[in-house]
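> Okay, here's the structure, questions in a sec.
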Amino acid sequence: MIIIMKPQASEQSIRTVTGYIKDNGLQVHLSKGEEVTIIGIVGDKTKLSTDNLIFFKDVDRIVPVTESYKLANKKFHPEPTTVKAGNTSIGPGRLTIMAGPCAVETRDQLMCIAENVKKAGATILRGGAYKPRTSPYSFQGLETEGLKYMQEAKAATGLSTICEVVSLEAIEAAVKYVDMIQIGARNMQNFILLKEAGQSGLPVLLKRGLCATIDEWLNAAEYIIAEGNPNVVLCERGIRTFETATRNTLDLSAVPVLRQRTHLPIIVDPSHSTGSYKYVAPMAKAAIACDADGLMIEVHNDPAHALSDGPQSLTFEKFTRLTEELAPFCQLMGRSFMAEEK
Ligand code: PEP
Ligand code: MN
């Protein structure tokens, strides 16, 4: 439930309402807009007698929030959120590109990729150090060594960094070396991990689960925010359908649906969703056209010999061409493109 205060409601009236809610054992989420203040109530509302709240001074109206996610809900927080990762922002008015290899393989490989994706306009370097692979015999990642290379690449290029985490141990290591953590599709409903990510203090990129509904995804985001970490970015990376021509089916309609439901930034991953470098460019453009705040794209110096996800990785040349082609799409959508700001 949210309480919408009258325009020009006094600080005292707001304090009286929030105090009443807290005295009833519930949490308050305050959103102060230019015109009105919205007071969100989080917790077991059966504890609260809401009938009399409407009679409190300066209360305009009370709106029930039927969705189970509250802090991620646009009704609680109508203004779009901008999330900061290192020295990069993800949110309205800009297009943020995260690019890099699926997995950090060697120091030289990562440094070379970092320099090239930066030149092409990426502002966040991605690189997996913990790889949740379908087969236990596939390359599992360099772990802490990979994170250290990410830190080195950041120092050399100034790029912000993101790495997937799969355990509490990985989170504890990531906090020391990278700017943002990623919860992958396979862990979207690993609720213990979500809570730990919420406590990490780092911004979190939350990928959509392979078979997750938008409602389940937003509830997963809620787990992170409920731990006191509001810096969550959602990433649509394709869902499982009957179609086999692409690795997954990129659900671009999730972007406008999420826009209606949440204030969190939304990015699109055209690499994991399509599974083929051939489809990355068209879907990246489509993602901007439907108002995504950013892209996550896999780029490799030698895709044919990549230790993971080579078929969907772009070469430097293809990635550079793509970012050049994205500029007019960004302009059309009123987003500044980092490559042009340099
Ligand atoms: C990744 O980004 O490397 C990855 C494993 O993605 P997803 O969780 O979307 O499969
Ligand atoms: Mn990958």
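> Can you give the Rg/Rh ratio of region 1-159, where Rg is from the C-alpha atoms and Rh is the Kirkwood radius?
Result for region 1-159 is an Rg/Rh of 1.21.
> Also, I was wondering about something else. Over 24 Å between Cα atoms, which of 131/154; 84/154; 74/176; 84/118 qualify?
In this structure, 74/176 exceed 24 Å between Cα atoms.
> Still on this model: Report the FRET efficiency, 1/(1 + (r/R0)^6), for residue 211 and residue 290, where r is their Cβ-Cβ distance and R0 is 30 Å, rounded to 0.05.
Approximately 0.85, to the nearest 0.05.
> When the chain is fully extended, how far beyond the present Cα-Cα distance does residue 68 get from residue 243, taking 0.36 nm per residue of separation?
59.9 nm
> Still on this structure, I have one more. Relative contact order, percent, of region 147-211 when contacts are C-alpha pairs under 8 Å separated by at least 6 residues?
It comes to 31 percent, rounded to a whole number.
> How many nm is it between the label spots at residue 115 and residue 227, if each spot is 7 Å from the Cα in line with the beta carbon?
Once both label points are built, they end up 3.7 nm from each other.
> Further question on the same structure: For region 2-63, with all protein chains present and a 1.4 Å probe, just round the carbon and sulfur fraction of the accessible area to a whole percent.
Taking all protein chains in place, region 2-63 shows 48 percent carbon and sulfur surface.
> Relative contact order (percent) for region 55-176, with alpha-carbon contacts under 8 angstrom and 6 or more residues of separation?
22
> Next up: How many percent of the accessible area of region 154-266 is carbon or sulfur, using a 1.4 Å probe?
52
> Say R0 is 45 Å: what FRET efficiency, to the nearest 0.05, do residue 324 and residue 55 get from their beta-carbon distance?
So the FRET efficiency works out to roughly 0.15.
> Rolling a 1.4 Å sphere over the protein heavy atoms, what is the accessible area per residue of region 1-111, to the nearest Å²?
48
> So for the pair residue 10, residue 192, with labels modelled 7 Å out along Cα→Cβ, what separation do we get in nm?
5.2
> Keeping to pairs on different chains or 8 or more places apart, tell me how many lysine pairs in region 190-342 have Cα atoms under 26 Å apart.
So the count of such lysine pairs works out to 8.
> Going from the alpha-carbon gyration tensor of the chain, what semi-axes, largest first and in whole Å, does one get by taking the root of 5 times each eigenvalue?
So the equivalent ellipsoid measures 38, 21, 18 Å along its semi-axes.
> Please list the three semi-axes, largest first and in whole Å, of the ellipsoid equivalent to region 3-53, using sqrt of 5 times the eigenvalues of its alpha carbon gyration tensor.
Result for region 3-53: semi-axes of 19, 11, 9 Å.
> Select from 166, 233, 28 the residue whose mean-square fluctuation is largest in a Gaussian network model of the chain (Cα-Cα springs shorter than 10 Å).
Of 166, 233, 28, the most mobile in the Gaussian network model is 28.
> Express in nm, to one decimal, how much length is gained between residue 106 and residue 46 on full extension, taking 0.36 nm for each residue of separation and deducting their alpha carbon distance.
In short, 16.1 nm is gained.
> Taking Cα pairs under 8 Å and at least six residues apart, what relative contact order does the chain come out at, in percent?
Normalised by residue count, the contact order of the chain is 17 percent.
The values are calculated or read from the model by the stated rules, or taken from the named source; none is laboratory data. Quick caveat: nothing in here was measured; it's all calculated off a predicted structure. Ideal geometry is used to build each Cβ from the backbone, glycine not excepted, and the neighbour counts take in all protein chains shown. Calculation scope for accessible area: heavy atoms of the full protein, side chains included, ligands and nucleic acids excluded. Shrake-Rupley method; radii C 1.70, N 1.55, O 1.52, S 1.80 Å.
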